[in-house]
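Accompanying notes for the structure given below.
Computed from the coordinates by the stated procedures, all read-outs in this text should not be read as laboratory data. Just so it is clear, the structure is predicted and the values come from calculations on it, not from any experiment. Here the Cβ positions follow ideal geometry from the backbone for every residue, glycine too, while neighbour counts run over all protein chains shown.
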Amino acid sequence: MLEVLLRTHRDPDDIDFESIWENGLFIFDSNVLLDLYRLPEPASNDLIGVLRDEHLRQRIWIGFQVIVEFLNNRHEAISDQKNKFNTVRVLLEEASSQYDEVFEKLTVELGKLKLKQRHSLIDPDKFLTSENISEGKAVIDNFLNELAVLESKQSDVNDRDQIKDIVLEIFTEKVGEGFSKKELDEIYKSGERRYENNVPPGYKDKSKHGSYEVGDRELVRKFGDLILWKEIIRKVKIDQVATVVLVTGDIKEDWWLEKRGKKLGPRKELLNEIYTEAPCVQTFYMYDTASFLKHAKSRLNANVRDSSISQAKDLIAKSRKSRVVAEEGYVYLSELIKTVAASWPKLRIGIGRSVYSLSPANLDATVMKRCLDEIFSNALTHGIHEYVGVQAKVRADSLVLRFKNKVELKSTSGLDSSGDSESTLHRSLGLSYVHELMSKEGVLVNTVLAGKNFALELHIPKEKFYREQTSDFE
């Protein structure tokens, strides 16, 4: 018992990583295999190269659950990559359509200033030439042309799946046999109890629905991680494996021990379970895809580009961000603004680049939509040009989302669309309903009036925004 306890709480400095890379059994989950579709081609090739490395290829293995998930989810991964082309194309075409309008408006506004007659130094015509404008537009056009070429090379779901062929070749005779129906039933019963008490792994998948049908067996999706975990324990017990490494693209807390936003290694419950049920195991360790590539490069002298490691890190970060957004109530403010703006066709809404670059925010989407509706309603009712510009600025302890437009101030009593008639400027322009809504979210609302320029500011605390997680292990 003491030996299990000490191994479970062993510090990373006490782990023999040289032995891990020389003798350890490396087990991969389906996320890593699906990363072969998601990574850029050079990085995907680097990962394939490591899996085929002469120092490692005889010490790799995947569970039956892994190959089932890989084969069932590969088309989704392929489609997702294909769909990205359309997403980028829409953004570029939108930028192209707005490009001429922006410069046309700029030229008109500068013309109103009559700078040639009134200023001896400022000369807009020197820069706003048709040649300069065309050169800028050409960048977008060239990007669109290159995108079309790249899309023609991208595999589609109907094409021969070369990555599938490679995976099946690499893991020939290195795939688990899976469990019988009776064994699966026992795992599911155990899983229900484990998930009720948040015992890892897999409890973060408890909301998943459906199953995979293989022969006479039903592999329930929400228990996928637990099935793999039980396969791993059975494998190392039968083969008397002393050193085990799980390489996983799964970044959820039901696998990883996290402290202060850092991944420190496997959950202690996992270590205790595998050391107890498989006493032959002296070391169980985990890598994510990026860390695996990084250390394969240094310890196996594998041919892995630094860019491949960075791209794998980016993929992990995006995966985690997507999960947080989906599961923990985070919203992309730019997307929310665009969604609400679609309900106000008579109002032009310019969303600045600073807004698109914001991380997801932990704000109630329904509350934010009501807030935006109120802001746009007031802008349309009281604005002069039927236009609102939205920008984001970083302050010491908050991020300011600023909505700015021009207003005609005939009185201060009728500018609030809520219908009340309080005469204070803050009440009239400050949109009392917005104040009320945002106070529940811990967001300060401020209004600024300078001549005909009116701005409403949402001061959102920085802690509301998603922060990238870091790793702090070998």
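In a shell of Cβ-Cβ distance under 15 Å around residue 55, excluding residue 55 itself, what net charge do Lys and Arg (+1) and Asp and Glu (-1) give? Walk me through the numbers before you get to the answer.
Working: positive: 52, 57, 59, 297, 299; negative: 18, 22, 53, 54.
Once positives and negatives cancel, what remains is +1.
Just flag the GluC sites (Glu not before Pro) in the range 259-346 sitting in loop per DSSP whose Cβ has no more than 15 other Cβ atoms within 10 Å.
Counting only loop positions with at most 15 other Cβ atoms within 10 Å, the GluC sites (Glu not before Pro) in the range 259-346 are 328.
Which pairs break 18 Å Cα to Cα here: 189/222; 182/230; 262/440?
Over 18 Å apart, Cα to Cα: 262/440.
Taking +1 at the Cβ of each Lys and Arg and -1 at the Cβ of each Asp and Glu, which of 220, 195, 281 sits farthest along the dipole of the range 178-299 towards its positive end, judged by Cα position relative to the Cα centre?
Going by the charge dipole, the pick is 281.
Could you compute the net charge surrounding residue 221? Neighbours are other residues with a C-beta less than 15 Å from the C-beta of residue 221; K and R count +1, D and E count -1. Walk me through the numbers before you get to the answer.
Working: positive: 204, 206, 208, 217, 222, 252; negative: 29, 69, 76, 192, 205, 213, 218, 225, 250, 254.
Around residue 221, the charge tally is -4.
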